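The values are calculated or read from the model by the stated rules, or taken from the named source; none is laboratory data. On a predicted model such as this, the values are computed, not experimentally measured, just so you know. Positions of Cβ are backbone-derived with ideal geometry, glycine not excepted, and every protein chain shown enters the neighbour counts. Just so you know, the surface numbers come from the protein's heavy atoms only, side chains and all, with ligands and any DNA or RNA stripped out. Shrake-Rupley method; radii C 1.70, N 1.55, O 1.52, S 1.80 Å.
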Amino acid sequence: MKYLKKVDSAVYDIIRKEDKRLSTTLMMIPSENYASRAVEEAVGSKFGDKYAEGYPQKRYYQGQRNADMLELLVIDRAKALFGVPHVNVQPYSGSPANLAVYNALLQPGDTILGLSLAFGGHLTHGASASATSKFFHSVQYSLDDAGMINFSEIESLVKKHKPKIIVAGTTAYPRFLDWKRFSQIADKSGAYLMADIAHLSGLIAAGAYPSPVPYVHIVTTTTHKTLRGPRGAMIMVTDKGLKKDALLSDKIDKSVFPGLQGGPHLNTIAGIGVALHEANTTRFKKYGKQVIQNAKTLASELLKYNFTLVAGGTDSHLILIDLSNKKLLGNTVAEALEYVGIVANKNSVPYDKNPPFYPSGLRIGTPGITSRDMGKREVKIIAKVIHKTVEAVYTHKIKTLKKDSLEKKKSVRRLLIKGTEELRALRSIILELCQQFPLCDTY
Ligand code: DSN
């Protein structure tokens, strides 16, 4: 970054600090990953300067020879990798991609059915704070007492509300999604079925997690999570989708542009192309399987330390820990873990009694550490560090129990800023792991 350093040392310094943060901590937020240097180079290319409103061979600007070649190549790669007849690679990210599907198929006030945010759905699946519930009539399903998708509830909601679109997608659900069961319900009711595989697309591309493609009409995904690409998104139309609605691809394309977006970010599309190329390798297939293996190891180790896991464990890349029995909030544990170098995120758990900003859970995942080539041995160390961190924070909390609540809060804050001998020791264990498994250029 010699030019940046010379031209803008302030931004350069912050970027360098971020590099340092990444190399000295473990990225365990399940929706994050390290894109390869090759992806970064494509994203940083001169395609970032080019306007290309429209689609290949139908653009509103001149100078598109290379843009067309690029977009067609990336579309072909996505079609081959996921086994679908049509892909739109232009959505800026996951939220606009989902909105584009609704905009393509619904009129204002039509009904969508999605998993509630409080139970692991996404904002754009119809959450009350999202525009998707302002412009459409949103009905939400939840999880059953075992923490699994509640299909009987879905069945009765579909009967009652007759949604036009059913969304099968999650952001904090650890188990397999039963695509077939979703499709049986959608087919019976005549609804479109959309799978949002933002979290899962890399695992699906690797063949490590079941694909929704045979069962659903439309698939949306971001490209930067388990797929390890840049921050972008894709919308795919399946053969089943085209059978239901021969105009589906056209409706989706028109909805993305000119319906919702202007010029696509060609540099991001270039980065997506590189990620798709990298995902179509034996190495990536191994990676996808190892992500899930690592998450399963983490789950079984945490269970040994008496952690409560939503749905009892995982079939995917993530684990949702209910911290209620540890008598600590998700935000406290997330902050303490950040102190020791494990970056995960606070998260609501099903039927959470606490508000979303101070929830009872922690969401943690293995895509990032697996990109750094960590395996069973390292995951066991991480599980122990999580256990010891929680224990240390709880012990500190007990010691301060007699203090009034403001003083207690200040005291926990001091702990999280300065640490204790024990937290500092845990931090060195994570630092050592980071040094043993440095960030590399290929991942
Ligand atoms: N915000 C993403 C996540 O963290 O799961 C979903 O888009």
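Checked against the criterion of being more than 29 Å from Ile197 (Cα to Cα), in contact with a helix residue (DSSP H, G or I) (Cβ under 9 Å, 6 or more places away or on another chain) and modelled with pLDDT of 95 or more, segment 22-41 has at least one qualifying residue. Ser31 meets each of the listed conditions (1) assigned to a helix (DSSP H, G or I); (2) polar (S, T, N, Q); (3) surrounded by fewer than 23 Cβ atoms within 10 Å (Cβ to Cβ) apart from (1). When Tyr339, Tyr394 are checked against the criterion of being within 20 Å of Glu301 (Cβ to Cβ), part of a helix (DSSP H, G or I) and of a type in the set (Phe, Trp, Tyr), a single residue qualifies: Tyr394. Residue count for segment 344-371 under the criterion of being at pLDDT below 95 and surrounded by 22 or more Cβ atoms within 10 Å (Cβ to Cβ): the result is 0.
Going by what's in this entry, would Asp68 be described as without any contact (Cβ under 8 Å) to a residue 40 or more places away in the chain, charged (D, E, K, R) and under 23 Å from Ala198 (Cα atoms)? Here the answer is no, as Asp68 does not meet what is asked. For segment 80-95, the condition of being in contact with a strand residue (DSSP E or B) (Cβ under 6 Å, 6 or more places away or on another chain) and surrounded by fewer than 19 Cβ atoms within 10 Å (Cβ to Cβ) holds for at least one residue. Residues in segment 1-28 that are part of a helix (DSSP H, G or I) and among the acidic types (Asp, Glu): Asp13, Glu18, Asp19. Contact map, segment 368-391: residues that are farther than 14 Å from Leu337 by Cα paired with residues that are at pLDDT below 95 and surrounded by 16 or more Cβ atoms within 10 Å (Cβ to Cβ), Cβ distance under 6 Å, separation 6+ or inter-chain. Pairs shown: Ser371/Tyr443. Residues being within 13 Å of the ligand (Cβ to nearest atom) and under 21 Å from Ser360 (Cα atoms) are entirely absent from segment 132-143. If you go through segment 325-343 and keep only what is among the aliphatic types (A, V, I, L, M) and open to solvent by 10 Å² or more (accessible area, probe 1.4 Å), you end up with Leu328, Leu329, Ala334, Val343.
So that you can scan it fast, the table gives a plain yes or no per residue for (1) assigned to a helix (DSSP H, G or I); (2) among the acidic types (Asp, Glu); (3) at pLDDT below 95:
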site	(1), (2), (3)
Asp373	no, yes, no
Val412	yes, no, yes
Leu416	yes, no, yes
Leu433	yes, no, no
